[in-house]
């Protein structure tokens, strides 16, 4: 499958420094920053610096160093926010939307880390 990356998306512009952000953590391959419309007390986005549209694109094409860095960055941010279970946090929700059915708004892989308050059910059972 061919992935079509839009280099003018808002996250690409953030990575190029064209749009400011409130950085939480930056590594060689990843950037974590506060969401501009937080849905919970803690709402941080984590993006890879590479041009990946979705998680399946990233998993298929990213080098191992990028995958490891991205995964570990997500874990570090959870610890920094105090929501990780290992440190006694109450937990978090990790969300990545992909494509039309996933209601992806920005065509650049990003994970939402939501914590600091309950989030409710992820999906309601059919018929409710």
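No value in this document is a laboratory result; all are computed from the given coordinates. Because the structure is a prediction, the values reported are computed rather than measured. A quick note on method: Cβ atoms are made from the backbone with ideal geometry, for glycine too, and the neighbour counts reach across all protein chains shown.
Here are the numbers:
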quantity	calculated
Fraction of alpha-carbon pairs over 23 Å apart in the range 16-128 - percent	31
Measure of compaction for the range 10-81 (Cα Rg per 2.2 N^0.38 Å)	1.08
The range 10-115, relative contact order in percent, only Cα pairs under 8 angstrom and at least six apart counted	31
Residue 104-residue 3 pseudo-label distance in nm [points 7 Å out on the Cα-to-Cβ vector]	0.7
Rough spin-label spacing in nm, given labels placed 7 Å along Cα→Cβ, for residue 87 and residue 27	1.5
Taking 67, 113, 74 and counting other C-beta atoms within 10 Å, the order from fewest to most	67, 74, 113
Residue order, fewest to most surrounding Cβ atoms within 10 angstrom, among 100, 18	100, 18
